[in-house]
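The values are calculated or read from the model by the stated rules, or taken from the named source; none is laboratory data. Model, not experiment: these values are computed from the prediction. Cβ placement follows ideal geometry from the backbone for every residue including glycine, while neighbour counts extend to all protein chains displayed. Keep in mind that these areas ignore ligands, DNA and RNA; they rest on the heavy atoms of the full protein, side chains included. Shrake-Rupley method; radii C 1.70, N 1.55, O 1.52, S 1.80 Å.
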Amino acid sequence: MKNLILLPLLISSLWLVGCAKEKTATTSSPEVTPPTVNPVNPTVPTGTGTLSQYGTTVSLELTGASTAEQINTLNDFLGNTRPVNDPSSLSLHVDFEEVDGGTYMGQVSVSFSDNGRHHVDTFRSGVRISQTRYNKWILNNNGFHAILDDGNFGALVFVIDDVVNLGDGNGAENLVNGTIFYMNYPIVVGPFGERAELHPQRIGGDGVCWDVRIGVYQCMPWNSQAHADSTIYPPRLFKVLGKFKGLDVSKAFNL
């Protein structure tokens, strides 16, 4: 009786082994895996920028008459898709260095903390000297502006608009005040949630938004170089993020 019971089990085992061998033999050719699409949230800055080890940091006061209005300003800057609740330690890190022709190359970072999480967005001047042509002192050195790009979500215009000169023959004071302007790029989303059009820097280039002439990544606030040299504030496209006071020029410009 035991032999009769084992026989069906033996036959069943042999059938399973045969099927396994047959499956292995028929799947020897490599399988083709369909390409994956990683959705990119098109409106939220990553917040993973790094602060430069050079330059200096100053507090940033957001635009708005009340705390609620200031938070609305910050949320608009962030794209209104990851709302902040109780931002603190809002600051601006400025790191510029003079290059050929009296223009400046560098970066400006906006940082703050919210619910125990630190957030940093870094905007850069570009890697070529030709990209820094708008970053200069103007109006007899009574004002400075620079345009910067984060290579993904938006642009920043950094402005020094309050240079104090006491008239004592020692020139301007070392501490200055200013204003920060920002703009977010228009978003065109593809069928899988990805950007329909990528920033030049996202596809291996070093392009900056003030050199872009076609598409969504255009940010030129001035009509011409002459216009930029005579107008300290960006007259179009940009909104006021906030103001800073007491920026140490010597440290900010690595003098």
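With viscosity set to 0.692 mPa s and temperature to 37 °C, compute the Stokes-Einstein D of region 103-255, Rh being the Kirkwood radius across alpha carbon pairs; µm²/s, no decimals.
Numbers: Rh = 16.8 Å.
The Stokes-Einstein estimate is 196 µm²/s.
In this view, the solvent-accessible surface of ARG124, computed with a 1.4 Å probe and all protein chains in place, comes to about 110 Å². Remark: the ILE214-THR231 segment gains 3.7 nm on full extension, using 0.36 nm per residue and subtracting the alpha carbon distance.
When a/c reaches 1.5 or more, the comparison of a/b and b/c decides; with that in mind, is region 85-140 rounded, prolate or oblate per its Cα gyration tensor? Write out the running numbers ahead of the final one.
Details: a/c = 4.25, a/b = 2.61, b/c = 1.63.
Cα axes put region 85-140 in the prolate bin.
Once you order the gyration tensor axes a ≥ b ≥ c over the Cα atoms, which shape class does region 77-179 get: rounded for a/c under 1.5, otherwise prolate or oblate by comparing a/b with b/c? Let's see the in-between values first.
Working: a/c = 2.85, a/b = 1.50, b/c = 1.89.
Because a/c hits 1.5 or more and a/b fails to exceed b/c, region 77-179 counts as oblate.
All other residues whose Cβ lies under 11 angstrom from that of GLY101 are scored, Lys and Arg at +1 and Asp and Glu at -1, for a net of 0.
Placing a label point 7 Å from the Cα of LEU51 along the Cα-to-Cβ line, the residues of region 108-133 whose backbone N sits under 16 Å from it are 108-114, 116-123. Using only alpha carbon pairs under 8 Å that are at least six residues apart, calculate the relative contact order of region 110-158 and give it in whole percent. Worked out over region 110-158, it gives 28 percent. Taking 0.36 nm per residue of separation and subtracting the Cα-Cα distance, full extension of the segment from ASN141 to ASN254 would add 39.0 nm.
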